[in-house]
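The values are calculated or read from the model by the stated rules, or taken from the named source; none is laboratory data. Since the structure is predicted, the reported quantities are computational estimates derived from the model, not experimental observations. Neighbour counts are summed over all protein chains in view; Cβ atoms, including those assigned to glycine, are modelled from backbone coordinates with ideal geometry. Surface areas here come from the heavy atoms of the whole protein model, side chains and all, with no ligands, DNA or RNA. Shrake-Rupley method; radii C 1.70, N 1.55, O 1.52, S 1.80 Å.
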Amino acid sequence: MENKPNIAKNIREIRIKEDLTQEKLAELSGLSINFVSRLERSNNQNVSINKLEAIASALKVDIWRLLKSNSSDKNKKEFPLHTKILFDKLAEFDPERSDRISKTILSLFEELELKQK
């Protein structure tokens, strides 16, 4: 079973539970309604950490709640400590720098995956 985060589903579930419209979430997070709507529909996994932080703050939840996996196993471990530290470090940078660093890290993963094939 794949243990991949379902950001769209998590955002939508929390938003509905909090009785917020997409418009209100956009307003509270400082993001556009088009972005929020597209994110909920597409489960865009390439969303920046800064935008996730803004959404988490607007929903009054920890960012880790948005990154919860699809796994139905309630006893799954949370993200390892160093993963949490990496997310926290990325959140300290301005959005542009955070995005550049994230892209670099993702390209390293892609390179590692290619070498494993």
Nearest-0.05 FRET efficiency for residue 35 and residue 111, computed from C-beta distance (R0 30 Å): 0.55
For the chain, what is the relative contact order in percent, using Cα pairs closer than 8 Å and at least 6 residues apart in sequence? 32 percent
Carbon/sulfur accessible area of the chain, % of total, 1.4 Å probe, equals 51 percent
Sorted by mean Cβ packing within 10 Å, highest first, what order do the peptides 47-58, 97-108 take? 47-58, 97-108
Net lengthening on full extension, residue 64/residue 9 (0.36 nm per residue, minus Cα-Cα): 18.4 nm
Tell me, what is the per residue accessible area of the chain in Å², probe radius 1.4 Å? 71 Å²
Say the cut-off is 21 Å between C-alpha atoms; which of 68/89; 9/60; 60/103; 24/68; 24/84; 24/60 go over it? 60/103; 24/68; 24/84
